[in-house]
1. Across segment A:1-16, what is the number of residues that are more than 7 Å from chain B (Cβ to nearest Cβ) and farther than 12 Å from B:Tyr436 by Cα?
2. Right, B:Val407: within 27 Å of the chain's Cα centre (by Cα) and within 14 Å of chain A (Cβ to nearest Cβ) or not?
3. Which numbered condition trips up A:Trp29, out of (1) away from chain B (no Cβ under 14 Å); (2) out of contact with any Asp or Glu (no Cβ under 9 Å at 6 or more places or on another chain); (3) over 30 Å from A:Leu326 (Cβ atoms)?
4. Name the residue that is farthest from B:Cys446 (Cα to Cα), counting only residues in segment A:177-193 that are touching a helix residue (DSSP H, G or I) at 6+ places or on another chain (Cβ under 6 Å) and within 7 Å of chain B (Cβ to nearest Cβ).
5. List every residue pair whose Cβ atoms sit under 8 Å apart, with the two residues 6 or more apart in sequence or on different chains, where the first one lies in segment B:114-127 and is in the same structural domain as B:Leu79 (by TED's automatic domain parsing) and the second, anywhere, is of a type in the set (D, E, K, R).
6. Restricting to segment B:427-464, name every residue that is among the small types (Gly, Ala, Ser) and either under 30 Å from B:Trp320 (Cα atoms) or part of a helix (DSSP H, G or I) (or both).
7. Based on this model, can you work out whether A:Ile226 counts as farther than 30 Å from A:Asp131 by Cβ, outside any loop (DSSP other than H, G, I, E, B) and either within 14 Å of chain B (Cβ to nearest Cβ) or not basic (Lys, Arg) (or both)?
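The values are calculated or read from the model by the stated rules, or taken from the named source; none is laboratory data. As the structure is a computational prediction, the values presented were derived from the model and not from experiment. FYI the Cβ positions are ideal-geometry reconstructions off the backbone, even for glycines, and counts take in every protein chain you see.
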Amino acid sequence: MRPAPVLLASVLVFAAIEGAVFHTGIYPWIISPDSSTGSVESVLRNERLRPKTGAQVLGIGDSRMLLECRISNEHAAETGYTFGLIGTAGASPRSWYYMLRDADPDARLYRAVVLAVESYDDADKWGDEADNDADLSYLIARLRLTDLWEFSRSYHDPYQQWKAARGILLKGLVYKRDFEDLLRHPVARIKYVKQSYRDSFMWIYNYQGPPDSVADYRVDFNARTITPPPNADPVRLEGLKNWLLAPLPPESGGQSRYMKYWLGRIYEHYRGSPTRLIFLRLPRSGWARPDQPRYNPHSSVRDLAAQPNVTLIDEHFFDSLEKPELFRDQLHLNGPGMDRFSVMIAQEVSRILGPPR
Amino acid sequence: MLFNTPQFFAFLLVTIALFYLSPKPIRRWILLAASYFFYMSWNWRFIPLLLSLTVIDYVAAIWMERVENPGRRKALLVLSLAANLGFLGFFKYYNFLASMLAEVMRRDPHAFALSIVLPLGISFHTFQSMSYVVDVYRREQKAIRDPIDYALFIAFFPQLVAGPIVRAGEFFADYYKWMPPVSEEKLRGVLWILLGLVKKMALADQFAQIADSYFQNLAAHPGAPAAWSGVGAFAMQIFFDFSGYTDMAIGMALLLGFHFPVNFRRPYLAFSITDFWHRWHITLSRWLRDYLYIPLGGNRHGALMTYRNLILTMLLGGLWHGASWNFVIWGGYHGALLGLERVLGRKRFQESPHWLLYPFRTVITFVLVCIGWVFFRAANLTDSMYVLRQMFSMHGKGGLIPAWLGVLLAVSLVIALLEEKTEWIERLAKGPAWAYVAAVVALLFCVELVGVTEKAIPFVYFQF
C-alpha cells in the first residue's frame with residue numbers, strides 16, 4: 001500500500017461521514033431538546049412548522065423576551081397580527097443573526113421582527129460578550145462552512161476563535177457532550193426527542209409564567225441593602241444584590257462595537273425587504289437602579305433607527321412594568337408581568353405597523 | 001507542548017517536513033534543534049541541566065574508553081553516575097529528604113524545603129544517559145565521538161520526556177544505518193500515533209476525570225463500589241495514558257526512520273505479577289533488571305539474596321517514580337508479590353496457565369495490581385489506607401464509571417484480546433487498504449466524539 005493515497009482516502013472517508021452525519025440534519029434530529037443546541041433547534045423547528053396565516057410578526061431575544069404569543073394572538077382580531085417567538089434563554093445578538101437567517105432565509109416571511117435589547121445605550125457588561133462561549137453551542141447546527149471565517153473571527157480571544165473554527169469544521173467536537181449523553185441513555189433520548197417533536201410547540205405556546213414575585217423584598221439604594229422576607233430564597237436574594245447593587249461595569253465601548261456589528265448584520269439581512277425591524281428595550285427590573293448607564297446618542301440601535309424600516313419603541317414604553325410585583329426575580333417578569341408585556345407589545349407593534357396590507 | 005495538542009501536531013508536521021526536505025548531512029541538526037525547541041517549549045530553564053548532563057556523560061564515556069586502568073575507569077563511571085544521580089536526587093528527592101530530616105529534628109516539615117521545579121522527564125533522560133555510560137564501561141557500547149549524535153540520543157523529542165528508555169545500542173543501530181521508512185512503516189507510524197491519541201484522549205482522559213473526582217474527594221464517595229470503580233478508573237487512566245504516550249512516541253520515531261522498543265504489551269491481560277512486569281513499562285523493567293537487579297547479584301546467590309534483590313530493585317523502582325513513601329510502598333508491594341510468586345514456584349507464574357484458568361488468574365492479577373495503584377494514586381498513606389478499607393468494606397451503592405465508558409472499555413478489551421492473539425494492529429499496515437482506512441476513520445471518530453478536547457490533561461508520567 002502506498003501511504004499517501006491510503007491516508008488521503010482515510011481523511012476523505014472521515015470527512016464524508018462526518019459531513020453526512022453532523023453537517024446535515026441527521027444528528028441535530030436526535031439532539032437533546034434540553035441542550036443549548038437543542039433549545040435553538042426546537043424553537044426554530046416550532047417556528048418553521050407553525051401555521052402562518054395572515055400578517056406575521058416574529059419576536060427574538062433572550063430569556064427576558066417573555067412574549068407570550070398565546071396572549072398576543074388573543075388580540076389578533078384587534079391588532080391584525082399573529083406573533084411567533086424564537087427567543088431562547090442565553091441567546092445573544094450574534095445568535096439572533098444566525099437564527100433569523102435560518103428562520104427567514106428570504107427575509108420576507110414577516111411584517112416585522114421585534115428585537116428585545118437590554119439597553120438602548122449599549123451598556124457595557126463585565127465580560128466581553130463577543131467571547132461568549134455558549135454561542136457556539138447554541139448555533140452549531142445552524143453554522144455552515146462558509147461561516148467559518150466570520151463566526152470564528154467574531155470572537156476576540158484567540159482560543160475561542162480556534163475553538164469556533166475547529167467546531168465549525170468538525171461539528172462532532174461540539175456535539176461531543178450530547179453524544180456521550182446519548183450513549184448513556186439512547187432509548188430514553190429517542191423517546192424524549194419524539195415527545196419534544198410532538199409537544200414542544202404547545203409546551204412553549206401554553207407556558208404561563210409563575211405567579212410569585214419579589215414584591216416582599218425591600219431595596220434601599222442609599223444604604224445599598226436589600227431586606228428579604230422571612231425564608232427568602234438565597235439564590236434570588238443574591239441575584240437581586242448582584243443586579244441592583246453591584247457597581248456598573250466601566251464603559252469601554254466594547255459592547256457598542258459588538259452590538260453594532262451583529263445588529264448591523266441583521267439589518268443587512270433585511271435591507272430592502274418588506275420586513276420592519278422593531279427594537280424594544282426590555283423592562284429592566286422590579287426597581288430601576290438610580291445609576292443608569294450614560295446616555296449614548298450613537299448606540300447601535302439609535303444609529304440603526306436612522307435607517308429605513310427600523311423603528312425603536314419608546315425607551316420608557318415598558319417602564320410601567322418595572323414593579324417588584326411583576327418580576328419573579330431580578331430580571332424576569334412573572335406570569336402577570338408577562339401577560340401585560342405581551343399585550344403591550346401586540347398593541348404597540350400593531351400601532352407602528354398599521355393595519356395589515 | 002503536550003503530544004495531544006494542535007501545537008504539537010503543527011510542530012511535528014514542520015519537523016518531519018524539514019527533516020525530509022533537507023540534505024542528509026543537516027538532518028541530525030534539524031532533529032536536535034527540534035528536540036531542544038520541544039524541551040524549551042516547556043521551560044527554557046531546563047536546557048542548561050539537559051546540556052550539562054549531556055556534556056558530562058559524553059566526556060566521561062570518551063575518557064573511559066581511552067583509559068585502560070580499571071580503577072580510573074571505575075572512578076570515571078562513579079563520577080558520571082554521581083553527577084546524574086546528584087542532579088536527579090537534588091531535583092526530585094531533596095524536599096522529600098529535607099522533610100524527613102525536619103521530622104527527625106522535630107522541626108516544621110517545610111523547615112528545610114526549597115522551591116524546586118522538577119525538570120520535565122529528568123528520570124527518563126538521566127536513566128537513558130546512565131545506561132549509555134554503564135554500557136561503555138562494560139565495553140558493550142562504543143563511546144559516541146560526535147557530540148551532536150550523542151546530544152540527539154539524549155534529547156530526541158519523541159522519547160525525551162516520558163520514554164521509552166532507549167538503549168544507545170538500539171538508537172545508534174538505526175541512526176548510523178539510517179534508512180527512510182518504507183511504506184508499511186509510515187502507515188504503521190500514523191496508526192500508532194492515532195492509536196496513542198485515542199488511548200490518551202478518549203480513554204485515559206475520560207477515566208482521569210472519574211479517578212480525580214474520587215481521589216480528590218474521598219469522603220464524598222464512601223463504600224466499596226465507589227472505591228473499586230475509582231481505583232479501577234485510575235488503573236485504566238494510567239495504562240491508557242502512558243501506553244498512549246508511548247504509542248505516539250513509537251509512531252513518531254517510525255515516521256522519522258527510528259525503531260523504538262515496545263513499552264507495553266497489554267499488561268492487564270497478565271496472568272501473574274511476574275507476567276505483569278514483562279508487559280508493563282518494559283523498558284524501565286529492562287533497565288532495572290540490567291543495571292540494578294543483576295549488578296546486585298540477581299538470582300546468583302541463593303534464594304534469600306534473590307528475594308532481597310527483587311524487593312530492593314522494586315523499592316528503588318518505586319522511588320524512581322516519585323519522592324514519597326507511597327511510591328516506596330508501591331514498589332515494595334510489587335517486590336513482595338514477585339518474591340511470593342518465586343516462593344510458590346517460578347515456573348507456575350512465568351508460563352501461561354491452562355486456558356480455563358487464564359481468565360481467573362488474569363482477574364486475580366488485575367485486582368492485585370489495582371491494590372498497588374491505590375498507593376500510587378492516593379495523596380498520602382492515610383488516604384491509601386482509607387481507600388483500601390473502603391474497597392474491602394461491605395457497604396456502598398453504585399460505581400462511578402458510566403455505562404457508556406464501560407462499553408468503550410469492553411470494546412478495548414476485545415481489541416486487546418484480538419491483538420494478543422493475532423497482532424492485527426501491526427498487520428493492518430500491510431493491507432488491505434479498506435481495512436486500514438476503516439481503522440483510521442474509526443480512530444478519528446473516537447478522538448472527535450469521545451476524546452476530551454476541552455482541557456489538555458497532562459500525561460501522568462510527565463511528573464516523573
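1. Our first condition is that a residue be more than 7 Å from chain B (Cβ to nearest Cβ); within segment A:1-16, this holds for A:4-5, A:8, A:11-12, A:15-16.
Subset that is farther than 12 Å from B:Tyr436 by Cα: A:4, A:12, A:15-16.
Of the residues in that region, 4 qualify.
2. So B:Val407 passes the test.
3. Evaluating A:Trp29 over (1) away from chain B (no Cβ under 14 Å); (2) out of contact with any Asp or Glu (no Cβ under 9 Å at 6 or more places or on another chain); (3) over 30 Å from A:Leu326 (Cβ atoms) leaves (2) as the failure.
4. A:Arg184
5. B:Val117/B:Arg45; B:Leu118/B:Lys92; B:Ile122/B:Lys92; B:Ser123/B:Lys92
6. Within segment B:427-464, B:Ala433, B:Ala435, B:Ala438, B:Ala439, B:Ala442, B:Ala456 meet the criteria.
7. When the stated conditions are applied, A:Ile226 passes them.
A quick yes/no check of all residues on (1) without any contact (Cβ under 8 Å) to a residue 40 or more places away in the chain; (2) assigned to a loop (DSSP other than H, G, I, E, B); (3) basic (Lys, Arg); (4) crowded, with 22+ Cβ neighbours inside 10 Å:
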position: A:Asp34; (1), (2), (3), (4): yes, yes, no, no
position: A:Thr37; (1), (2), (3), (4): no, no, no, yes
position: A:Asn46; (1), (2), (3), (4): no, no, no, no
position: A:Ala77; (1), (2), (3), (4): yes, no, no, no
position: A:Phe83; (1), (2), (3), (4): no, no, no, yes
position: A:Gly87; (1), (2), (3), (4): no, yes, no, yes
position: A:Met99; (1), (2), (3), (4): no, no, no, yes
